[in-house]
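To start, the structure itself, in C-alpha cells.
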Amino acid sequence: MLAPPSPTTRSPGTDLTVLASLTLGLLAWLVVACVGLARVQQQATLHLQREAAALVAAELAEPLATVLAAERGTLGGGSPAIAAITAAPADSVVARAALTRILAGRPALARFVDSTGLALAVQRAPVTGGTGAGSIMGQALTPSLATVELATAGGPLRLAITRALGASSLALSPVGPQVLLAVLVALLAIAATVGTALLIRLRRDHADARQRSTFASAVSHELRTPLAQILLYAETLQLGRVRDAAARAMAEGVIVQEARRLMRLVDNVLRYARLEQGAPRLRQEPVSLGDVVRETAAQFAPVVASQQVSIAVDADTDALALADADAVRQVVLNLLDNAVKHGPPQQRIVARVDRRAERIRLIVEDEGPGIAAADRAAVWNAFTRGLARPGAGVPRDETGTGLGLMIVRSLTEAMGGDVGCESVTPDGRGARFVVRLPALRSEAA
C-alpha cells in the first residue's frame, strides 16, 4: 500500500452537527448547574435564617414579656376591669414601642437582625377566617421563621420573626452572589474554551482530509505517468515495432528511466509513511558526502538527459560527515529531483559539498524562478507544492506529491543536521537548498 493509512473522515455537516450538539449540551448543563447552585443557596440561607430567628426569639421573649407586664399594670392601675377596657386598642402599640426600646438598648442584637435579613412584627394571634396578617392565609403568604407568644389584657399577641422582603442576607449566605457570578463566568469560559478547541480541531481535521485527498490524487497522477510510459514502450518492444537498434535502445532507456522515477516516488511515499510513525533510526558513521553526491548525480543524469539538463558537481572528497549513507543518498536524489522539476529545461544544476567549521554543507542550486522569502520555511512542510516567487513570470508548478523536501528535512534532522533555503542571485532568481550535517571530529579539528 503506497499511501499512508488515514482514518475515515466524516462529512462537514456531520462534524458541525456534533459540534453544535456538544456546545448546546454544555450550555444546558451550565444553566442547570446555575439553577442548582441558586437552589442550594436558597435552602441553606433559609435554614440558617431559621436558626437565627430562633436565637432572636429566645433573646427577646423574656425582656418583652417583662416590659408588657409592667405596662399592663400601669394601664390598669390595679383594676382588672379598667385594664381590660384601656388595653384592648393599645396592646399592639405598646408591644411595638417596647420592642423598639429593647432593640435600641441592645444595638448588637439589632445589627444581627438586620444583617441576617430578618423582620420583626407584632401581630394578633391567628383567628379563623379573614385574610389579615394573623389569618391562616396571611400566615401562608408571610410564613414566620419563629414566633414569641405575648399575653396582654386585650388578648394574646404574637411577635413574628420573618424574612425581610427585598433584604439581602449576605452574612448567612454560604454562596454569595459574587461567588455565583464567578462560577457562571468560569462555566461560560469553559464552554467557550471547549467550543473553540472543538472548532479548531474540526478545521484541522478538514485541512488534514483535504491534504490526504490531494496527496492521494498527486500520487495517483505521479504513478500513472511513468507506468504509462513503461507500458507504452514495453508493448512496442513486445510487438516488434522497433525499426532498428537505436529505436530499441531508446525504448529500453525510457523504460529504465521511468522505472527509476517510479522507484524514487515509491521510496518517498514509503519513507513518508515511516516518518509518520515516528523518528527514523539512522546510523551515525563517517560518510564522504562528496563521493555520495558524485555517485548519485551520475545515476540521476540519464533521467534528465531528455530535458538537456546538466548537473555540475563540485565536492570535496575529504569532507567526512557523521551520517547515514542511504539517508544522504535519498536527500541528494530528492534535492536533484526538486531542482529538475522546478527549473527550466536546459538548465545547469550545481551540487557542491564544502566544510564550514563543524558542519559539512551539501548545496544544490537550480536556475528556476526562486522562492519568496516568506515561503522559504513552508517549502519544508509536507504537501507543499508550487511556491514560486511572485513576479517571476512562471505559473505555479503543482506537480509532484509535495513530500520530497519534507523528507529531506526529516532525514537531515534525524542525522543531527539542519536545512536552509535562499536565493542564488541578488534579484531573487534561482533556489539554493543547503543541508548542514555534523562533521567528523577529526575533520572539525
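Taken together, the values in this text are just the output of simple stated rules run on the coordinates, not laboratory data. All values derive from a computational prediction rather than experimental measurement. We place every Cβ from the backbone using ideal geometry, glycine too, and count neighbours over all the protein chains shown.
Rounded, prolate or oblate for segment 179-272? Axes are the square roots of the Cα gyration tensor eigenvalues, ordered a ≥ b ≥ c, and the cut-off for rounded is a/c under 1.5.
prolate
Starting from the amide H of Val309, placed 1.01 Å from N in the peptide plane, find each other amide H under 5 Å away whose residue is 5 or more places distant or on another chain.
Under 5 Å from the amide H of Val309 lie the amide H atoms of Gln346, each far enough along the sequence or on another chain.
I want the local charge near Glu149. Using Cβ-Cβ distances under 12 Å, sum +1 for each Lys or Arg and -1 for each Asp or Glu among the other residues. Intermediate values should be presented prior to the final figure.
Numbers: positive: Arg124, Arg158; negative: none.
Around Glu149, the surrounding residues sum to +2.
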